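Peer 1: Submitted below is the structure of interest, expressed as structure tokens.
The values are calculated or read from the model by the stated rules, or taken from the named source; none is laboratory data. Predicted model, so just to flag it, every value in this text is computed and none were measured. Note that each Cβ is placed from the backbone with ideal geometry, even for glycine, and that neighbours are counted across all protein chains shown. These area figures cover heavy atoms from the full protein model, side chains too; ligands, DNA and RNA do not enter into them. Shrake-Rupley method; radii C 1.70, N 1.55, O 1.52, S 1.80 Å.
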Amino acid sequence: MKTPPQSVESPLFEIASTVKLQWDYDNNMKKPPSLITIRGQMPSGYFQPGTTKPLYWYIAQNVSASPKAYNWDTITESPPGYTLREGTGYKLYIYDSDIGWENSTHVYPGKLFQFMLPFSMYNSRYSQSNDGVPKNYNPNAGSRSVSVAVGAWTALVAAVLAAFAF
């Protein structure tokens, strides 16, 4: 997978939104996965019930990897019994479904190595403002057709994921 520059901070995802995840592979990826799994991890302090193990959840399982994109609905694809909250410390994992979670940290020549991206969550408060700006208003829409934030996020994810391919 491709790696973002060190100057890129971890991305912010809006709670109760759809996050478009996109990635690409570098030239070291000899056998791209046919299916991928995307898994989330809650920040420190959230544990699997009755244990001290980190709380993981599946965002998507066995998704076709050929479009190299996935739309994550942060409402319906959140940890069962928990809600996503504002803050840092979240982690997103992408790995080859055929290799599996346990084996995805082992290096297999030419295959996808487990990729981890730290991220943060935030609540948009547009709807709580008194200035009459609607929640989905995009001030950049008039001057360009592609959102700068989406383009930057796409470039970041593509670069990071491709750098970790072996």
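Peer 1: In what order, largest first, do K53, K111, K91 sit by accessible area if the probe radius is 1.4 Å?
Peer 2: Correct descending sequence by accessible area is K53, K91, K111.
Peer 1: What is the sum of charges around S64, taking Lys and Arg as +1, Asp and Glu as -1, for the other residues whose C-beta is under 14 Å from the C-beta of S64?
Peer 2: Local net charge: -1.
Peer 1: Answer rounded, prolate or oblate for the stretch 24-128, using the Cα gyration tensor with square roots of eigenvalues a ≥ b ≥ c: rounded when a/c is under 1.5, else prolate when a/b is larger than b/c, else oblate.
Peer 2: Prolate.
Peer 1: Can you give me the distance in nm between label points at E86 and S10, each placed 7 Å from the Cα along the Cα-to-Cβ direction?
Peer 2: So the two model labels end up 1.7 nm from each other.
Peer 1: For a protection proxy built on the mean count of beta-carbon atoms within 10 angstrom, sort 14-27, 76-89 highest first, please. Don't jump to the answer; show the numbers that get you there.
Peer 2: Details: 14-27: 16.4, 76-89: 12.9.
By packing density, highest mean first, the sequence is 14-27, 76-89.
Peer 1: For S64 and T18, compute 0.36 nm times the residue count separating them, minus their Cα-Cα distance, and round to one decimal in nm.
Peer 2: Once the chain is fully extended between S64 and T18, it gains 14.7 nm.
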